[in-house]
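**Student:** Mind looking over this structure? Questions follow.
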């Protein structure tokens, strides 16, 4: 068996088995600790709420079995099974224009993968989320959102795709650098226009009207040196009862957004602490660091693709034998289809990097608001969102962008004790 096929199958099998193993560990660990609330949470979260979170977590994780099998099957069918080869041959016979053929090939593959994943998405929303009382979406709203996403993807994606394929064909051996510049520019534009032009397509955003809360938030923003184009409340409850807060945008388009469910469940001091955490991401430059890291990795991947697309074995050993290879569109598709299998084992590093940022943002919130308020807010959010308090440590290390509840709350409680001790020392007579 050719070397690359062997490596590819080994990576696919290793990824498949690891994901299944992690899911089984997670379900077993959560179920084992279902009968008792951890001591740090026993006074705030009832056994009933804890068990609901455990059951919800297990139900979501069981879907991972189906998702893993489905994704692996689609990958193998498109590559070694000849699916991509058949699609490439079909579009080659449809037109002689290579860039248009390539765009249609990529668009049709993306559409096929979306359609294959729809039943699982529908089941998650209308069975799992509804069973645990989180779903407020109707089937008509689901279809409307799907239609909007499809139209938006075509409106934004097709011009980008045509531009990328043009650069790949016309800019010589260094095409990957020009594509990288175009990709960066596209993402920065999307970051700038998303708050005012894209997000309102899916949700309604209204200015924050609570005068007391607004004053409190503006004082925090002034203290932190943060400027935004407005404070908004999003009608997240139309789709789900989950709550959150975030800031979005770039430069002068930055907005602070609260889910209406968050405002309904937290008091003013807790909302301020949650916002202080989000501002911590901004003040600690986490957003910029992640953008820079993403752009750097995209440059590396495009450089690798620049080499692979000139290698005949890259196509042949992944099941593509049509006469038009090397092909920019086929190479692009193959690369992004197989890349997750080869990069999966690096997932814990990305998760660790994200969790480090969360700890730093918590520290910033404690310094500029209140660690005690943030602790109460997080515990309420864990309860309201049915987030498990007892995740499997290895599963969490692989996937979780936020620290496990026990570790995060433990650190915040340590910060609370430090704040109390500092206040006590400051009140001692000189």
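The values are calculated or read from the model by the stated rules, or taken from the named source; none is laboratory data. These numbers were taken from a predicted model, which means no experiment stands behind them. Ideal geometry is used to build each Cβ from the backbone, glycine not excepted, and the neighbour counts take in all protein chains shown.
**Student:** What single numbered condition from (1) surrounded by 15 or more Cβ atoms within 10 Å (Cβ to Cβ); (2) more than 22 Å from the chain's Cα centre (by Cα); (3) at pLDDT 95 or above fails to hold for residue 91?
**Tutor:** (3)
**Student:** In this structure, is residue 178 free of Cβ contacts under 8 Å to residues at least 60 places away in the same chain, closer than 17 Å to residue 257 by Cβ and surrounded by 16 or more Cβ atoms within 10 Å (Cβ to Cβ)?
**Tutor:** Here the answer is no, as residue 178 does not meet what is asked.
**Student:** If I filter segment 282-302 for residues that are in contact (Cβ under 8 Å) with a residue 12 or more places away in the chain, surrounded by 14 or more Cβ atoms within 10 Å (Cβ to Cβ), under 30 Å from residue 215 (Cβ atoms) and touching a strand residue (DSSP E or B) at 6+ places or on another chain (Cβ under 8 Å), do I get at least one hit?
**Tutor:** yes
**Student:** Only one residue in 236, 251 is in contact with a helix residue (DSSP H, G or I) (Cβ under 9 Å, 6 or more places away or on another chain), buried (at least 19 other Cβ atoms within 10 Å of the Cβ) and either over 30 Å from residue 185 (Cβ atoms) or at pLDDT below 85 (or both), so which one is that?
**Tutor:** Answer to the check: 236.
**Student:** Restricted to segment 174-207, and to residues that are in contact with a helix residue (DSSP H, G or I) (Cβ under 7 Å, 6 or more places away or on another chain) and modelled with pLDDT under 90, which residue is nearest to residue 330 (Cα to Cα)?
**Tutor:** 192
**Student:** Can you find a residue that is closer than 30 Å to residue 170 by Cα and assigned to a helix (DSSP H, G or I) anywhere in segment 59-73?
**Tutor:** no
**Student:** What are the pairs, 6+ residues apart or on separate chains, where a residue within segment 4-20 that is surrounded by fewer than 14 Cβ atoms within 10 Å (Cβ to Cβ) has its Cβ under 6 Å from a residue that is in a helix (DSSP H, G or I)?
**Tutor:** Within 6 Å, no pair qualifies.
**Student:** Show me the helices (runs of 4 or more DSSP H) entirely contained within segment 98-202 in which 1 or more residues are more than 30 Å from residue 79 (Cα to Cα).
**Tutor:** Working: elements: 98-123, 139-170, 175-193, 199-202.
Result: 139-170, 175-193, 199-202.
**Student:** Here is a further query. Given (1) at pLDDT 90 or above; (2) within 30 Å of residue 367 (Cα to Cα); (3) surrounded by 15 or more Cβ atoms within 10 Å (Cβ to Cβ), where does residue 215 come up short, assuming only one miss?
**Tutor:** Only one criterion is unmet by residue 215, namely (3).
**Student:** Taking strands (runs of 3 or more DSSP E) that do not extend beyond segment 205-306, which have at least 3 residues that are farther than 30 Å from residue 182 by Cα? Explain how you work it out, then say what you get.
**Tutor:** Details: elements: 205-207, 231-234, 245-248, 255-259.
Here the list reads 205-207, 231-234.
**Student:** Would you be able to say whether some residue in segment 141-149 is farther than 29 Å from residue 83 by Cα and touching a strand residue (DSSP E or B) at 6+ places or on another chain (Cβ under 6 Å)?
**Tutor:** Among the residues of segment 141-149, not one is farther than 29 Å from residue 83 by Cα and touching a strand residue (DSSP E or B) at 6+ places or on another chain (Cβ under 6 Å), which makes the answer no.
**Student:** Being closer than 22 Å to residue 269 by Cα, surrounded by 15 or more Cβ atoms within 10 Å (Cβ to Cβ) and within 21 Å of the chain's Cα centre (by Cα) narrows it down to one residue among 378, 337, 415, 374; which is it? Walk me through how you get there before you give the answer.
**Tutor:** Values: 337 fails: closer than 22 Å to residue 269 by Cα; 415 fails: within 21 Å of the chain's Cα centre (by Cα); 374 fails: within 21 Å of the chain's Cα centre (by Cα).
None of the other options fit; the residue is 378.
**Student:** Here's another thing I want to ask about it. Every residue in segment 109-135 that is more than 19 Å from the chain's Cα centre (by Cα) and surrounded by 14 or more Cβ atoms within 10 Å (Cβ to Cβ), please. Give the steps one after another, and end with the answer.
**Tutor:** As a first pass, look at segment 109-135 and keep what is more than 19 Å from the chain's Cα centre (by Cα): 109, 111-112, 115-116, 119, 123, 126-128, 130-135.
Of everything in segment 109-135, those that are more than 19 Å from the chain's Cα centre (by Cα) and surrounded by 14 or more Cβ atoms within 10 Å (Cβ to Cβ) turn out to be 109, 112, 116, 126, 128, 132, 134, 135.
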